[in-house]
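Comments concern the structure below.
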Amino acid sequence: MLRKFLILAAAAVFLPGFTSVTNAQMTVGGHVGFVIPWVTHANGNTTTQFDAYNIGFPVGVTFKGQGHFAVDLEMIPFVSQKPHDVTLVVDPGILYSLEHGVTLGLRAAFSVNSSQVGFIPLINKSWKFKSQGGFFKAYFVEADLPIQFSRPTGGPATNSVTFATHFGLGF
């Protein structure tokens, strides 16, 4: 038994030196901000931000390789006025960067402790800060179109479409 352990330990120490090393240039960044859902259409009814105040505070971590694609893991706590409620949406997504600070994206959306799921197409425009010495590297504005499907047990199925804007800082 000891002999097998020593052989495995020696293999763990020496074999990595024989493998090739891949130099993938992965960068990790993120963002913070706030999102305002301006207009929502659900089941034939349209509501606006002025009917019942609602705001979210997104926090995200972004993993970007050498190409145009990035993976973004975002969580958004939402505060609603009517009904007075706090909810959490987890929305991982894929982002594709274009030229001039423009990014297209598609996120999945999962409301925690809810029967709502959906997806969020988005377009983002960012601007880099002129001085690069600070923690934040850029600011951005984003247009989101969350499409949600709610299938509560014993309740009516509903679908909704919302137009929202997201403002924030990237790091």
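The values are calculated or read from the model by the stated rules, or taken from the named source; none is laboratory data. In this text, all values refer to a predicted model and were calculated from it rather than measured experimentally. Note: ideal-geometry Cβ built from the backbone for every residue, glycine included; neighbour counts use all protein chains shown.
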Check your understanding: Can we say Ala70 is at pLDDT below 95, closer than 28 Å to Ile147 by Cα and touching a Lys or Arg at 6+ places or on another chain (Cβ under 7 Å)?
Key -> no
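Residues to consider are Thr162, Thr87; find the one that is modelled with pLDDT under 95, surrounded by 13 or more Cβ atoms within 10 Å (Cβ to Cβ) and in contact with a Pro (Cβ under 8 Å, 6 or more places away or on another chain).
Values: Thr162 fails: modelled with pLDDT under 95.
Being modelled with pLDDT under 95, surrounded by 13 or more Cβ atoms within 10 Å (Cβ to Cβ) and in contact with a Pro (Cβ under 8 Å, 6 or more places away or on another chain) holds for just one of Thr162, Thr87, which is Thr87.
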Practice item. Please give the number of the condition Ser131 fails out of (1) over 18 Å from the mean Cα position of the chain (by Cα); (2) assigned to a strand (DSSP E or B). Key: (2)
Check your understanding: Out of all the residues in segment 41-60, which are at pLDDT 95 or above, surrounded by 14 or more Cβ atoms within 10 Å (Cβ to Cβ) and in a strand (DSSP E or B)?
Key -> Ile55, Gly56, Val59, Gly60
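Can we say Pro92 is under 14 Å from Ile76 (Cα atoms) and of a type outside the set (Phe, Trp, Tyr)?
Details: under 14 Å from Ile76 (Cα atoms): yes; of a type outside the set (Phe, Trp, Tyr): yes.
Considered against the rule, which asks whether it is under 14 Å from Ile76 (Cα atoms) and of a type outside the set (Phe, Trp, Tyr), Pro92 comes out as yes.
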**Study point:** Positions within segment 61-84 being surrounded by 14 or more Cβ atoms within 10 Å (Cβ to Cβ) and of a type in the set (Phe, Trp, Tyr), in sequence order
**Key:** Phe63, Phe78
Point to revise | Among residues of segment 93-105, those that are more than 13 Å from the chain's Cα centre (by Cα), assigned to a strand (DSSP E or B) and among the aliphatic types (A, V, I, L, M), counted | key: 1
Exercise for review: Give the number of residues within segment 149-171 that are aliphatic (A, V, I, L, M) and farther than 17 Å from Thr47 by Cα.
Suggested key: 2
Review point. Hey, does segment 113-123 have a residue that's under 20 Å from Gly33 (Cβ atoms), part of a loop (DSSP other than H, G, I, E, B), free of Cβ contacts under 8 Å to residues at least 60 places away in the same chain and touching a Pro at 6+ places or on another chain (Cβ under 6 Å)?
Key: no
Review point. Identify, please: which residue in segment 106-121 is crowded, with 19+ Cβ neighbours inside 10 Å and under 12 Å from the mean Cα position of the chain (by Cα) and is, among those, farthest from Ser150 (Cα to Cα)?
Key: Arg107
Review point. Can you name every residue in segment 122-142 that is among the small types (Gly, Ala, Ser) and surrounded by 14 or more Cβ atoms within 10 Å (Cβ to Cβ)?
Key: Ser126, Ala138
